[in-house]
Each structure stands twice: as structure tokens, then as C-alpha cells.
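S.K.: Have a look at this one before I ask anything.
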Amino acid sequence: MRKIIILFFSVLFVACTNDEPEMILKPNGKVALPAELSAGNATVFMTSIRAYDTPAPWVTGTLLDRFLHGDKLYDDPRTSDQNDPAVGGLGPLYVGFSCGSCHNNAGRTYPSLFSDGGSGKGFSSQLVYITRKNGKFFRQYGRVLHDQAIVGEKAEGKLKATFEEKEYSFPDGEKYSLITPHYSISEWYADSIRPEDLIIDVHVPLRHVGMGQIMALDVDQLRRLAAQSNYPEYGISGRLSVITERNKQYVGVGGNKAHHADLTVELGFSSDLGVTSDRYPLEVCEGQSQNIGYSHYGIQISTRDMEDVDLYMSTLGVPARRNVNNALVKRGEENFYKAKCHLCHTPTLHTRQNAPVLLNGTRLPWLCNQTIHPYSDFLLHDMGKGLDNHVPAGSAYSYEWRTTPLWGVGLQETVNGHTHFLHDGRARNLVEAIMWHDGEGAVSREIFHRMNKEDRDALVTFLNSL
């Protein structure tokens, strides 16, 4: 008899090694269709503002207690009280005052690039990377510009963004426009840096959808995809990201350029919040004058607490696909394939057999052996000159980007109140995101461009069903 899992707030236990077919019920009592199950047993039927911020159905008991603790650490603002182990340790330099300040509801906070024209008031919902033209760092700064500071201290600098807009037309006459960002930095903490020697690379937050499944991906399947991802007739040839961290080689799957092999919780607390840990025991402003008087406070968040944040992110549910039998959605799905989008945005992948291990040793067997639908191959692709950020990362060249997973993309406006996409938010809607595709994405852009309005609208409707 097949097992029934109720995808709401409670479920039956599912073991990692269980290959028995699963029949999953939706909250309305109907059996879920396979196409609806974005993340197998971690699929949640939630379409509200909490769509990204709901635990997977199997998160119960002690696991739920740890999830809620991690959620609190993720969301609660840190303060500048260096002696408070629960919420202290912010700064003295930082970008956001909590994980949730940039990832509101585990999504993408509206970028202060657009709300404030650059650095925000009290926090910035984007990361600003600065390097020399030769790729080296500046002596007085690290890789990330910390554009916020606690009271009494001075931020490293402030970002200003302006946008150049150009209007275009589809062959049927419908107009669209694209904006190109231009960045500058003022109010430098130390020596002003000559613009001609400065590369500014801005990234807005990623959605924290399916992070546990991404970390549990079957790497052998990704290797096979890389070996097969060669379509010379379309100019497409994805490649695997291989990175070295702590003297070991990994396949990178996280981040815009697949340059991370874990969820970077420890790095985020250090670089984004200025909170020290066992792995990053130094303040981010170590060596700067505002660091005087801060080093002696020691470790400000424990590895155990950070693992609960890691667990929270890894056990979030993934929103189910919606309206899968809708005629317009089906037409859009056909157009998705006609436009060759699926050659990079691979609809179906699998998680591996061995359980992922979190940063303090906890294993999550529930993530194993799952069929998932992230709509990404997690490979690196040349996206053309327009999206070249002039900064390599890991094994990715400056013009290469990891294929963005599309699951949950249609709920971003509900969760976060905006539809800014791409690494720096320059695409203000899905049409603009498609029209920014170049390089290996040019074939999809051109096919989409030639479609009539009804077919274009249908493809976007399909994307919004994911």
C-alpha cells in the first residue's frame, strides 16, 4: 500500500532509504499531481506571503524546535551590544542587521538600489563588491564594501546607483525597455579610490527557496549534465563549477556564480553582519581604526546557533507549482520548450542517496532520494557582454553565471512586493529578464522575441506558475 503524506503542518516520517512511491495529499484532500511537487516531500502548498518561509512537512518535534530557533536567529535584528550572545555583536561595520533584513520572508527584500538609489538607511539590501581592475583588493578594504556602521563609527563608503533606460519593440509593436545600472562610491572611509582603478559589482539577495535540496543535489547527475550540455546548434555549452574551500575540492552549486559549496551561514554572519564566529573570529574591519576596542569581545555567535540557522534554511519547504492544468499555463510550457529554455533551466533533477551534513554535523536524511523540479542545471553559462560583471568568482569567468533556479519565482511579488530579477535586480519583470539573455541565452531570447504577444504572455504565465 502506498504511503500517504499530508503536506500541511504534519506528515508521516519518511526515511532516506525508502524508495516506495509516495502519494501526497494537498490541504484540500486531493492527491497532488507529480508536476505540482516542486521538491518532493518538502513541497508546501502555500501561496501567501509565507510561501518561502514555511517548514517542510517533515519538520516536526525537536527538528521543528531547532527550525524555529534558527528562524529567530535569521530574522531578529542584531544589536551593537557586544556582550549579548543572543542578539549582540552587530558591526562595528555591516551591511544588514540580520539575515532577514536582506532576505525578507526568506526571499529577496526590495533592493535599496531602487528604494534609496544605492546604500540604504540603516541597512542595504544588496552586496557591493569592490576590486581593482587587476582583480586585487584595496589595502584599506576587503572584497565587500561595508556601507553601514553602528553609532559612533564610520562606514567604508556609500554606493550611488543611476540607471540608463532604453526602449525597444517586439516585431508586433509591443514595447519594452531595459535599464543599465551605473555605480559610484563616495564617502570613502580611507583613501578615495580612483574610479578608473575600481570595479563595482552589485548583487541583490537570492531567494532562499530549496536551499536544502540544492545542497543535496546528486553531483553525479550534474557531472552528466555538464558532459551532455553541448548544443553547438544553439551555442549552448554549460560547464561544472569546481571550487576549492578549506583545501578540498567541491562542485559549486550555491551563489550567482556557483562559487559556494555550502549555505555560507558563517560567512554571512561575518561579512554581512559583522558578527564573529569560530570560523571567522576577526571583525571585518580588522586593521581599521574603528576596530580598536572591538577585538577583545571574542566569539559573538556559537557554531551550534549557526547550525540552527543552517538547518532552518535547509528545511524550508518549496512552494508547489500552481495551475498545472490551466490551458494558458500548458501553452506557456510548450513555448518554454520551443524557446529552448529547458536546455539550461533543466526542469527535473534528483537529490543524492547520502544525507547532507550541516556545519556542525547534523544530518538531514529527509532530503535524500527526492525528485525535484528546480528548473536549473546549476551549471555555468556565458551570458554575454551585457551581463559581464568583470569579476570572476570561484571557477566562473566574469561573463559566466549559474543558471538561476526558477522554482518559486512566480510568488516573489506576493512574498516580497516586487519583481526585480537577475543578479543586480536590473530586470524589473520576467520579460526584461528574458531580454537580457545573451551569449548562450541568445537563442531563447531571439525565439521569445519572435513569438507573438499571446505566446510571449503564455510563456510568462507558465513561469509565474513555478
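A short reminder: the numbers here are calculations on the coordinates, not readings from a lab. All values reported here derive from a predicted model rather than from experimental measurement. Neighbour counts are summed over all protein chains in view; Cβ atoms, including those assigned to glycine, are modelled from backbone coordinates with ideal geometry.
S.K.: Expressed in nm to one decimal, what extension gain is obtained for the pair T414 and H342 from 0.36 nm per residue of sequence separation less their Cα-Cα distance?
M.R.: 23.4 nm
S.K.: Further, regarding this structure: Within region 320-342, what residues put their amide N at less than 13 Å from the label point 7 Å along the Cα-to-Cβ vector of E454?
M.R.: Backbone N within reach: 328, 331-332.
S.K.: Now for a different question. Treat each spin label as a single point 7 Å out from the Cα along the C-beta direction, and report the A227 to E334 distance in nm.
M.R.: That separation, rounded to one decimal, is 3.5 nm.
S.K.: Let me ask something else. Counting other beta carbons within 10 Å of each residue's own, what order do E333, E286 fall into, fewest first?
M.R.: Fewest to most other Cβ atoms nearby, the residues stand as E286, E333.
S.K.: Mind running the shape call on region 298-395? Use the C-alpha gyration tensor, a ≥ b ≥ c as the square roots of the eigenvalues: rounded below 1.5 for a/c, prolate if a/b tops b/c, oblate otherwise.
M.R.: Note, shape of region 298-395 comes out oblate.
S.K.: Something else now. Once the Cα gyration tensor of region 138-200 is diagonalised, what are the square roots of 5 times its eigenvalues, in whole Å and ordered largest first, as equivalent ellipsoid semi-axes?
M.R.: 36, 13, 8
S.K.: Here's a follow-up. Counting other C-beta atoms within 10 Å, which of L64, L225 has the fewest, and how do the rest follow? Numbers along the way, then the final one.
M.R.: Values: L64 14, L225 17.
Listing L64, L225 from fewest to most nearby Cβ atoms yields L64, L225.
S.K.: Set the bar at 28 Å for Cα to Cα. Now go through K72/K136; K338/K385; K340/K453; K160/K248; K166/K453; K136/K340 and name every pair that lies beyond it.
M.R.: K72/K136; K160/K248; K136/K340
S.K.: Now a separate question. Would you mind computing, in nm to one decimal, how far apart the modelled labels at R194 and Y397 are, each placed 7 Å from Cα along Cα→Cβ?
M.R.: Placing both labels 7 Å along Cα→Cβ, they lie 2.8 nm apart.
S.K.: Neighbour counts of other C-beta atoms within 10 Å: give me I447, I372 arranged from fewest to most.
M.R.: Fewest-to-most Cβ neighbours within 10 Å comes out as I447, I372.
S.K.: With labels modelled as points extended 7 Å from the Cα through the Cβ direction, what inter-label distance (nm, one decimal) is found for R50 paired with V219?
M.R.: Inter-label distance under the simple model: 3.6 nm.
S.K.: Related question: Would you work out the charge dipole size for the chain about its Cα centre, treating the Cβ of every Lys and Arg as +1 and the Cβ of every Asp and Glu as -1, and quote it to the nearest 20 debye?
M.R.: Result for the chain is approximately 740 debye, rounded to the nearest 20.
S.K.: List the trypsin sites (Lys or Arg not before Pro) within region 69-130 that fall in a DSSP loop (any state other than H, G, I, E or B) and whose Cβ has at most 11 other Cβ atoms within 10 Å.
M.R.: K121
S.K.: Which log10 I(q)/I(0) values, to two decimals, does region 55-212 give at q = 0.20 Å⁻¹ under the Debye formula with one point per Cα?
M.R.: Log-scaled intensity ratios, in q order: -1.27.
S.K.: Taking Cα pairs under 8 Å and at least six residues apart, what relative contact order does region 19-134 come out at, in percent?
M.R.: For region 19-134, the relative contact order is 14 percent.
S.K.: Taking the Cβ-Cβ separation of Y250 and L282 as r and a Förster radius of 30 Å, what is the calculated FRET efficiency to the nearest 0.05?
M.R.: 0.80
S.K.: For region 127-276, build the convex hull from the C-alpha positions and give me its volume per residue in Å³.
M.R.: 212
S.K.: How much FRET efficiency would the formula 1/(1 + (r/R0)^6) give for K26 and T371, where r is the Cβ-Cβ distance and R0 is 25 Å, rounded to 0.05?
M.R.: Numbers: r = 18 Å, r/R0 = 0.70.
E between K26 and T371, to the nearest 0.05, is 0.90.
S.K.: Shape call for region 360-466 from the C-alpha gyration tensor, a ≥ b ≥ c root eigenvalues: rounded (a/c under 1.5), prolate (a/b greater than b/c) or oblate?
M.R.: Oblate, since a/c reaches 1.5 and b/c is not below a/b.
S.K.: For region 224-338, max minus min Cα coordinate along each principal axis, in Å, sorted largest first?
M.R.: Each principal axis gives a Cα extent; for region 224-338 these are 63, 34, 26 Å.
S.K.: Can you list the trypsin sites (Lys or Arg not before Pro) in region 196-261 that are in a DSSP coil and have 14 or fewer other beta carbons within 10 angstrom?
M.R.: On the way: sites: R207, R223, R224, R239, R246, K248, K257; in loops: R207, R246, K257.
Here the trypsin sites (Lys or Arg not before Pro) that fit, given the DSSP loop and packing criteria, are R246.
S.K.: Sticking with this structure for a sec: Using only alpha carbon pairs under 8 Å that are at least six residues apart, calculate the relative contact order of the chain and give it in whole percent.
M.R.: Computed over the chain, the figure is 20 percent.
S.K.: So what does log10 I(q)/I(0) come out to for region 102-172 at q = 0.25 Å⁻¹, using the Debye formula with one equal point on every Cα and no solvent?
M.R.: Result of the Debye calculation: -1.15.
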